[in-house]
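Following: one structure in structure tokens, then a few remarks.
The values are calculated or read from the model by the stated rules, or taken from the named source; none is laboratory data. Keep in mind it's a predicted model, so treat the numbers as computed, not measured. Cβ sites come from the backbone with ideal geometry, for glycine too, and all protein chains shown count toward neighbours. Heads up: the accessible areas ignore ligands, DNA and RNA and are worked out on the full protein's heavy atoms, side chains in. Shrake-Rupley method; radii C 1.70, N 1.55, O 1.52, S 1.80 Å.
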Amino acid sequence: MSDVDAEMPSTETEEPPESEPTEEHSGLGAWLIDAAVRTFLAVGVLPILLLGLVIFFGIIEPRFLSGDNVFNVSRQLTYLGIITMGQAVVLMSGGFDLSVGGTVALTSVVAATIMSGQIDGGSSLATALTLGILGGLAVGLVVGIANGFAVAILKVTPFVVTLAMSSITYGLALMVADGAPVSGVPIEFARKLGTGKLWGVPAPVWVALVLLVVMTVLMGRTRFGRYVYAIGGNEKAARLSGISVWRTTALVYVICSVLAAIAGIMLTARVSSGEPNLGGSFPLESIAAAVLGGVALGGGQGRLLGAVGGAAFVVMLQNGMNLIRVENYVQQIVIGIALITAVVVDRLRDVVRART
Amino acid sequence: MLELKGITKRFPGVTALDAVDVEVKGGEVHVLLGENGAGKSTLAHVIVGSLQPDAGEFRFQGEEIRHASRHHARMLGIDAVFQEFSLVPAMTVQENLFLGREPSRFGFVDRQKIASGAREIFDRLGYAVDLKTPVASLSRGEQQVVEIAKALLIQPRLLVLDEPTSALTDAASERLFAIMDDLKAQGVGIIYITHRMAEIKRLGDSVTVLRDGRRVASRDVADVSDDDLIDMMAGRSIDDLYASDHARMRPGPVVLKADGLSTPDRRITDVSIEVRAGEIVGLAGIEGAGKATIGRACFGLEAISGGTVRIGEEVVRKPTPRRMLQRGLCYLPGDRRVEGLVLPRPVLENCSLASLSREGFSRIGFLRLRKERQAVAKMIDRLSVRTPSLNRAIALLSGGNQQKVILGRMLLRDVQVLILEEPTSGVDVTSRAEIYRLLRDLTEGGAAVVLISSDLPEVCGLADRAYVIVEGQVRSHLEGDALTDRAVIANMFQVDEVADVAS
């Protein structure tokens, strides 16, 4: 259609409904379709996808559901999960952040360099770890402030700002690390934050859970959260309502980068070295995860828990493919397709909602 | 020409149209009348094929039609101009006109043909607009004209006009009416949706009144009075639309004063107005005269190159919406879709958005959700907003109800001065009356209201006094008995013998 019909876009459909449950469909089948449609509308496509994924891999590869693997997946999930929380907040505000991968790499290199330097210089373990972690967080803070400044005050489009920042942070990471992984990260750091566990649950998972609670409260129960949704939904209306748009927007990018830095510190513990090439796939994966979890690409809509669920889907998909030995290249293709599918399904949901 | 029988359309939770019959003859103007949410828009969308009815019979020129799409309807000669525009902002006027049906020569777009075709249609409309400017830089009223031109281009046999004059100046409206007369003479059927009583008498041949998705009656316009129509629409009579029986307040101290205000783009130059507590002050003027710019400059939405804005005793150095709100100056934007509504968010969040930092709604940044909900529920009730729940996305409400929610957003604050730009554009009669009464209540409570409106009866009926704005300057100030439609028009169009005309 050549027309740009602005009026009632969500109700404008041209083909007849495909699967409208009516009296004629009898019994269980109709009930199942009806239940599926209602679930789809209430929570989106994600729970259905997650369930399908578990059943699929559970059947063709029994190891998928083994205790060890579940432990593994939950730990793996924390990194992408934390980054996705930040990405989701930026998306809700109407922007996005392509620099989360670079932030992870720079954080990792800086934290590792500080830690090994402190240990070599004779500092105590506690001092080395504290300074290393603080240094990593500082990286997140600085990157976030730079992104926020450029987007919110200089009004440069987030695409350009964060793409450029991604290049800058990777460049800096390679410079600091001198092109090679930074070794000399204390083993205790790796043991505690990388592979450690508490009450049978991996340490990183605890960190992620705390962050999830904090971020959920922030988005659902504070003025800031409301303002983020309002700015994502209609920036002009937000401004006319007396909201300081630049302050909120800048803070959104700071939060995203700090969360990426936290994930970077934990990943450093996991691989027990500072890796300048870490996290290259995080920007795409986190956006895919958030959108799969129901965060609207245009802003103004979505829930953090959904976004984390989307991250779970991405991680489980990768894990399942690893178990059945799908090649890495193919995995990348699958993740790309998943992102596009997520966006299409996101829109399909509106269409179905308008019909029922 | 058009015969609808038993048209029914259901949406989740509501029956938008319930067995509606409508008959429109060629060469007549058939008015669709009803409050917002009565089903007028749904019916219009059914007619142009963008919605499919669930039941009913649709005959066009004697043939049973099953529209596949808007496109299909266009092929049959049915087109519409809706309130929401279908223009591409970045494209020029002429590109928009021919979008999707560009004339071509040897497979290339024939620019000359586009230019001449566009020129011809605008000449016919009697409207001067640079065909090569991008639509984005036109005012809402001008965009409306482009939209109408686009519909005329296919030489429709049945044309649906959904409140086409809500964004037009009186002069532009008159030109549109002349074109409608032309079309009628050619045998074109016109379905006309409006909220303006005067237009029904002026234009309509027959009228169908809808209420709650049902047809109340279809009549010849000549046989019914305004009161009859209002009674049919509302199911009760509104005797006093403008609530003018309220005692006019004795004005208090000056609360808002613009002194020698100018903007860098020279849309307004050296404008001075003052507004006192307890009064409603109108700003009248034709489209583009700058009356809206005055309000926007006071609220901090336009840069100021000269002059001052004073709230009470204080000169506000650099107005921004945030600063002005803190000083009790509130502003209701003219285009609620662009500057008012946060479409994906629920009614609740839309209503409380401007007052979250108020004591009571949040403490050290944390929301007090229960208090917020209670206060919003009370406001929704006071404004009689019709919504099934506070959690409903505001996008799903009708125009009048959306407007009331945005108004509520301001009223939840402590309002000293309320500037409203076109507050009743696209708002039904009942909601209008409610909004007017509310404004009166506000001034009785000691607040001041600045009413910027293209609806002359509104300004004259409601305002205690009015400034007429012409070419970015205050042309005159009318007060009391001197404030009449005719006097304002005479001033707007710079008729010299003002006194004669006004008398």
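Condition check ((1) of a type outside the set (Ser, Thr, Tyr); (2) surrounded by fewer than 16 Cβ atoms within 10 Å (Cβ to Cβ); (3) in a helix (DSSP H, G or I); (4) at pLDDT below 85) across all residues:
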position: A:Glu18; (1), (2), (3), (4): yes, yes, no, yes
position: A:Glu24; (1), (2), (3), (4): yes, yes, no, yes
position: A:Gly29; (1), (2), (3), (4): yes, yes, yes, yes
position: A:Ile33; (1), (2), (3), (4): yes, yes, yes, yes
position: A:Ala36; (1), (2), (3), (4): yes, yes, yes, yes
position: A:Leu51; (1), (2), (3), (4): yes, yes, yes, no
position: A:Asp68; (1), (2), (3), (4): yes, yes, yes, yes
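Across the stretch B:351-386, the number of residues qualifying as of a type in the set (Asp, Glu) and within 13 Å of chain A (Cβ to nearest Cβ) comes to 2. Counting only residues that are part of a strand (DSSP E or B) and closer than 30 Å to B:Ser139 by Cβ, the stretch B:42-88 holds 4 of them. In the set B:Val338, B:Val271, only one residue is hydrophobic (A, V, I, L, M, F, W, C), within 28 Å of B:Val459 (Cα to Cα) and away from chain A (no Cβ under 13 Å); that residue is B:Val271. Being more than 14 Å from every other protein chain (Cβ to nearest Cβ) and outside any loop (DSSP other than H, G, I, E, B) is a description that does not apply to B:Gly27. For the stretch B:32-41, the condition of being more than 14 Å from chain A (Cβ to nearest Cβ), out of contact with any Pro (no Cβ under 7 Å at 6 or more places or on another chain), at pLDDT below 80 and open to solvent by less than 10 Å² (accessible area, probe 1.4 Å) holds for at least one residue. Count of the stretch A:216-229 residues, restricted to those that are facing chain B (nearest Cβ under 7 Å) and among the polar types (S, T, N, Q), is 1.
One line per residue, one yes/no per condition, for (1) more than 19 Å from B:Val255 (Cβ to Cβ); (2) surrounded by fewer than 18 Cβ atoms within 10 Å (Cβ to Cβ):
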| residue | (1), (2) |
| --- | --- |
| B:Glu313 | no, yes |
| B:Gly360 | yes, yes |
| B:Lys371 | yes, yes |
| B:Met379 | yes, no |
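One line per residue, one yes/no per condition, for (1) more than 8 Å from every other protein chain (Cβ to nearest Cβ); (2) touching a Ser or Thr at 6+ places or on another chain (Cβ under 8 Å):
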{"residue": "A:Ile231", "(1), (2)": "yes, yes"}
{"residue": "A:Lys236", "(1), (2)": "no, no"}
{"residue": "A:Thr249", "(1), (2)": "yes, yes"}
{"residue": "A:Leu278", "(1), (2)": "yes, yes"}
{"residue": "A:Phe282", "(1), (2)": "yes, no"}
{"residue": "A:Leu292", "(1), (2)": "yes, no"}
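The set of residues in the stretch B:93-120 being open to solvent by 80 Å² or more (accessible area, probe 1.4 Å) and of a type in the set (Phe, Trp, Tyr) consists of B:Phe106, B:Phe108. Within this structure, B:Pro344 passes the test of being assigned to a loop (DSSP other than H, G, I, E, B), modelled with pLDDT under 90, within 14 Å of chain A (Cβ to nearest Cβ) and touching a Gly at 6+ places or on another chain (Cβ under 9 Å). Checked against (1) without any contact (Cβ under 8 Å) to a residue 60 or more places away in the chain; (2) open to solvent by 10 Å² or more (accessible area, probe 1.4 Å), B:Thr169 passes all but a single condition, namely (1).
Consider the stretch B:2-20 and keep the residues that are open to solvent by 60 Å² or more (accessible area, probe 1.4 Å) and more than 26 Å from the chain's Cα centre (by Cα). The one that is nearest to the other protein chains (Cβ to nearest Cβ) is B:Pro12. In summary, B:Arg157 fulfils each of the numbered conditions (1) farther than 26 Å from B:Met75 by Cβ; (2) more than 14 Å from every other protein chain (Cβ to nearest Cβ) with the single exception of condition (1). Among the residues of the stretch B:184-202, those that are out of contact with any Asp or Glu (no Cβ under 7 Å at 6 or more places or on another chain) and buried (at least 22 other Cβ atoms within 10 Å of the Cβ) comprise B:Ile190, B:Ile191, B:Tyr192.
Tell me, please, whether a residue that is assigned to a loop (DSSP other than H, G, I, E, B), without any contact (Cβ under 8 Å) to a residue 12 or more places away in the chain, more than 9 Å from chain A (Cβ to nearest Cβ) and acidic (Asp, Glu) can be found in the stretch B:95-114. Scanning the stretch B:95-114, I find at least one residue that is assigned to a loop (DSSP other than H, G, I, E, B), without any contact (Cβ under 8 Å) to a residue 12 or more places away in the chain, more than 9 Å from chain A (Cβ to nearest Cβ) and acidic (Asp, Glu), so the answer is yes. Pairs meeting the criteria (first residue in the stretch A:58-78 and of a type in the set (Lys, Arg), second residue surrounded by 15 or more Cβ atoms within 10 Å (Cβ to Cβ), beta carbons under 7 Å, at least 6 apart or on different chains) are A:Arg63/A:Asn69; A:Arg63/A:Leu323; A:Arg75/A:Pro202; A:Arg75/A:Pro204; A:Arg75/A:Val205. Of all residues in the stretch B:429-439, at least one satisfies being open to solvent by 30 Å² or more (accessible area, probe 1.4 Å) and farther than 28 Å from B:Pro264 by Cβ. Taking the criterion of being touching a helix residue (DSSP H, G or I) at 6+ places or on another chain (Cβ under 9 Å) and either surrounded by fewer than 22 Cβ atoms within 10 Å (Cβ to Cβ) or outside any helix (DSSP H, G or I) (or both), the residues of the stretch B:291-307 that qualify are B:Gly300, B:Leu301, B:Glu302, B:Ala303, B:Ile304, B:Gly307. Within this structure, A:Arg325 fails the test of being in contact with a helix residue (DSSP H, G or I) (Cβ under 8 Å, 6 or more places away or on another chain), open to solvent by 20 Å² or more (accessible area, probe 1.4 Å) and basic (Lys, Arg). In the stretch B:51-66 there is at least one residue that is under 23 Å from B:Lys9 (Cα atoms) and of a type in the set (Lys, Arg).
Please find, within the stretch B:315-335, the residue that is surrounded by the most Cβ atoms within 10 Å (Cβ to Cβ) out of those that are of a type in the set (A, V, I, L, M, F, W, C), within 23 Å of B:Asp270 (Cβ to Cβ) and within 11 Å of chain A (Cβ to nearest Cβ). Looking at the filtered set, the residue picked out is B:Leu329.
Residue-level check: of (1) touching a Lys or Arg at 6+ places or on another chain (Cβ under 9 Å); (2) within 26 Å of B:Ile179 (Cβ to Cβ); (3) open to solvent by less than 70 Å² (accessible area, probe 1.4 Å); (4) away from chain A (no Cβ under 11 Å), B:Phe58 misses just (2). The one condition from (1) within 14 Å of another protein chain (Cβ to nearest Cβ); (2) more than 30 Å from B:Arg196 (Cα to Cα); (3) hydrophobic (A, V, I, L, M, F, W, C) that B:Ile65 does not meet is (1).
Please count how many residues of the stretch B:383-406 are in contact (Cβ under 8 Å) with a residue 24 or more places away in the chain, in a helix (DSSP H, G or I) and open to solvent by 40 Å² or more (accessible area, probe 1.4 Å).
Taking the stretch B:383-406 first, the residues in contact (Cβ under 8 Å) with a residue 24 or more places away in the chain are B:383-395, B:397-406.
Next, only the ones that are in a helix (DSSP H, G or I) stay: B:394-395, B:399-406.
Then drop every residue that is not open to solvent by 40 Å² or more (accessible area, probe 1.4 Å), which leaves B:395.
Count: 1.
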